[in-house]
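Here is the structure we will look at, set down as structure tokens.
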Amino acid sequence: MLDYASEQALPPGTLIRVPLGRRDVPGVVWDPDLGSAPTSVELRPVTAVLDALPPLGADWRALIDFAAAYYQRSVGELALGVLPPELRKIDQLRLARRVARLQKLAPVVSPGDNAAVEAAAQRPVLSDEQKTALAALASAQGVAKPVLLHGVTGSGKTEVYLHAAEAALAQGRQALVLVPEINLTPQLEARFAARFPGRVLVSLHSGLTPAQRLRHWLLAHLGVADLVLGTRLAVFTPLPRLGLIVVDEEHDPSFKQQEGARYSARDLAVWRAHHQKLPVLLGSATPSLETWQRVQEGRYQRLPLAQRIGGGAMPRVRLVDMGALHKVEGVERVLAPTLLAALQERIERGEQSLLLLNRRGYAPVLHCTACGWKSGCAHCSAWRVFHKSDRTLRCHHCGLSERVPRACPDCGNLDIAPMGRGTEKLQEQLGELLPGARIGRIDADSTRGVGTLQQQLQAVHDGEVDVLVGTQMVAKGHDFRRMTLVAAVNPDTALFSSDFRAPERLFALLMQAAGRAGRDAEQAARSEMWVQTWHPRHPVYAALRAHDYPAFAAAQLEERRAAGLPPFAALALLRADARTASVAADFLAEASVLAQAWGGVTVYPAVPPHVAKVADVERMQMLVESPTRGALQRMLAEWLPQLQDLRTRHKGLLRWAVDVDPLVI
Ligand code: ADP
Ligand code: ZN
Ligand code: ZN
């Protein structure tokens, strides 16, 4: 935070432009208390005041202050980082014109109008569970304990969000709805728009053009928009009339920002609601263990939606023991014969199936059968993936892409072969195994162009695909009516990850994937979720088979408690990047010595992350653990400034950063 002089009194939250060195940079008036500025220093004047924009409110500034302190960033960096980039360029005159134009956009239909009455009349009659949830939410107003809406896909959670939003709107308030992925915004937007005709609804996510983003943000900030739907960055939207926050799929890792200020939008939503004494609704079939533990402690209220609307059952889970299969067959098989037969049956009945494989490309690595050469990346500690469609080897970490060599670069052998399997290869193999079937594929490669994902999803909805191969991208949210079989082809890797959250993520993904099948009650009875595994007796799969999230959560929480891991401890991850691993390690080692000054905080030895080298940068990380978030916060606030100084003594260090409450370790 810096001090500047201004001739006119500027209310806090005013957007300004100030000189910094030779540049003119945007700023926000934070604390206009002149008494704090040392009088001996000549303050430079503010260059421009953009007061055509109403000041950013006290609640918004409090959120920024909290987030900056909690995630150990500067207030200025965070505040300016979450404002629409266009706001940095615009001048007072153009801003004034835009604001005036948008303010005229007040709702075109009032709640008593025909369209609104008609839309309201088409609301379904709520189930008893939905009514209970809404009643609890209404009575929570003011005391505001966060509410966990716990229900599987199709249990009517979105319907509860719609009703809760309706209640907020009826009181003249705004509602903020956060979803994990951009891809999920269009269908949700359509549903909200249909329910609230004439209301101003805007979306905020990284897929908007800069101009759209500014426009939507202004509509929210001016109080014109009633509903704001967005991804994690939308948690920072200034909303003068905010009355409700919804976080859908609250367990989803996408709510955590993975660079810069590494904030959790879910956690900030809860803080914001608490600070403003507003209801906050967290929805999930598989809540994060942090949220679940808070429910156990009585700090959050759990409201279950135990039934699928229309009585559809969750699909039957079938585990295929790949070990037993291979012993008998003695050959490598893509799909168990039983699964293949089940797919064939679906095709004959005109139903659809989804095969999940979390690995895009044709094969994760190419290798030479003569000398053992493998397609490593020269700049990363990772293999380059073989993409058959354009015959390239691509590094998924640094982006390096090259044509597949004709012969082995080491020995000249012409026989270089793919090892392992990605979605491209699975699609190809299915084409051979199921002649005549229409095999689709949706992953980050197949959906590169603008609008291609929507087209491909539409093709599935229109029944143009019999078997869909996809990564976790398709496991979320999409409502495929004809789908009666979902299979995880090779999910085991997550069971043995060094990341203690891997089982939690796997369970959530498989439950969510299972939710894709049998959403139509008529089909639910014959819907199935298949899991091909070498570890059929693993507790994660046992819980999945029983659709028993509480049992899964209880077992995981017991392990976490015994190991002193979140939510029973607070973690921060200190990362250091350098050209050589030893420079990064030395920096962390000295940081660790400094950290010894704080009792009760455990600092673990520095280790390389899963992929240590990316684009010729060596990375190291060090975990800091404390029994409570408060103790960790106090320690970080004093320790990190010391690291600023430490850095200057480690010349080769490229950067360092701290990740508070890291999600991926
Ligand atoms: P979720 O968000 O948990 O997946 P939805 O709210 O989308 O569940 O509900 C699933 C389907 O059931 C939707 O088509 C929705 O319109 C419908 N639905 C929700 N609640 C009811 C209800 N009380 N009566 C009839 N249909 C409902
Ligand atoms: Zn070779
Ligand atoms: Zn690379």
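What to note about this one:
- The stretch 415-433 residues that are within 14 Å of Leu468 (Cβ to Cβ), paired with ones that are among the acidic types (Asp, Glu) (beta carbon under 6 Å, 6 or more apart): Thr423/Asp443
- Residues that are in contact with a Phe, Trp or Tyr (Cβ under 8 Å, 6 or more places away or on another chain), in a helix (DSSP H, G or I), within 16 Å of ligand 1 (Cβ to nearest atom) and open to solvent by 10 Å² or more (accessible area, probe 1.4 Å) are absent from the stretch 185-205.
- Scope the stretch 484-502; condition of a type outside the set (S, T, N, Q) and outside any helix (DSSP H, G or I); matching residues: Leu485, Val486, Ala487, Ala488, Val489, Pro491, Asp499, Phe500, Arg501
- For the stretch 108-162, a residue qualifies if it is over 23 Å from Asp479 (Cα atoms), open to solvent by 80 Å² or more (accessible area, probe 1.4 Å) and modelled with pLDDT of 85 or more, and the qualifying residues are Asp128, Lys131, Thr132, Lys145.
- Subset of the stretch 167-187 (residues that are within 30 Å of Ala513 (Cα to Cα) and either at pLDDT 85 or above or among the acidic types (Asp, Glu) (or both)): Ala175, Leu176, Val177, Leu178, Val179, Pro180, Glu181
- Test: residue in the stretch 531-541 that is in contact with a Lys or Arg (Cβ under 8 Å, 6 or more places away or on another chain) and either within 20 Å of Leu426 (Cβ to Cβ) or open to solvent by 50 Å² or more (accessible area, probe 1.4 Å) (or both): yes
- Unique residue being part of a loop (DSSP other than H, G, I, E, B) and either surrounded by fewer than 21 Cβ atoms within 10 Å (Cβ to Cβ) or basic (Lys, Arg) (or both) when the list is Arg575, Arg560, Arg481, Arg505: Arg481
- Among (1) touching a helix residue (DSSP H, G or I) at 6+ places or on another chain (Cβ under 6 Å); (2) assigned to a loop (DSSP other than H, G, I, E, B) - the single one Ala79 does not satisfy: (2)
- Qualifying residue in the stretch 367-374 (condition: under 30 Å from Ala578 (Cα atoms) and within 16 Å of ligand 3 (Cβ to nearest atom)): yes
- Pick from the stretch 364-378, criterion more than 16 Å from ligand 2 (Cβ to nearest atom) and surrounded by 17 or more Cβ atoms within 10 Å (Cβ to Cβ), ranking: modelled with the lowest pLDDT: Pro364
- The stretch 533-580, residues that are closer than 30 Å to Asp616 by Cβ and among the acidic types (Asp, Glu): Asp577
- If only residues of the stretch 170-184 that are surrounded by 21 or more Cβ atoms within 10 Å (Cβ to Cβ) and away from ligand 1 (no atom under 16 Å from the Cβ) are counted, the one that is nearest to the chain's Cα centre (by Cα) is Leu176.
- Condition check for Glu345: away from ligand 1 (no atom under 16 Å from the Cβ), more than 22 Å from His387 (Cβ to Cβ), in contact with a strand residue (DSSP E or B) (Cβ under 9 Å, 6 or more places away or on another chain) and open to solvent by 40 Å² or more (accessible area, probe 1.4 Å): yes
- Leu105 vs. criteria away from ligand 3 (no atom under 16 Å from the Cβ), buried (at least 20 other Cβ atoms within 10 Å of the Cβ) and within 18 Å of Arg213 (Cα to Cα): no
- Which listed residue, of Leu78, Leu87, Leu83, is surrounded by 14 or more Cβ atoms within 10 Å (Cβ to Cβ), in contact with a Pro (Cβ under 8 Å, 6 or more places away or on another chain) and closer than 30 Å to Leu571 by Cβ: Leu83
- Selection status of Arg333, without any contact (Cβ under 8 Å) to a residue 40 or more places away in the chain, within 16 Å of ligand 2 (Cβ to nearest atom), open to solvent by 70 Å² or more (accessible area, probe 1.4 Å) and in a loop (DSSP other than H, G, I, E, B): no
- Residue identified as modelled with pLDDT under 95, away from ligand 2 (no atom under 16 Å from the Cβ), open to solvent by less than 10 Å² (accessible area, probe 1.4 Å) and not hydrophobic (A, V, I, L, M, F, W, C) among Gly431, Gly420, Gly361: Gly361
Results for (1) of a type in the set (Asp, Glu); (2) open to solvent by 30 Å² or more (accessible area, probe 1.4 Å); (3) not in a loop (DSSP other than H, G, I, E, B), shown as yes or no for each residue.
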site	(1), (2), (3)
Val593	no, yes, yes
Pro605	no, yes, no
Gln633	no, yes, yes
Asp645	yes, yes, yes
Ala657	no, no, yes
Val664	no, yes, no
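The values are calculated or read from the model by the stated rules, or taken from the named source; none is laboratory data. Nothing here was measured: the structure is a model prediction, and the numbers come from that model. As a convention, Cβ positions derive from the backbone with ideal geometry for all residues, glycine included, and neighbour counts pool all protein chains shown. SASA here: full protein model, heavy atoms, side chains in, ligands and nucleic acids out. Shrake-Rupley method; radii C 1.70, N 1.55, O 1.52, S 1.80 Å.
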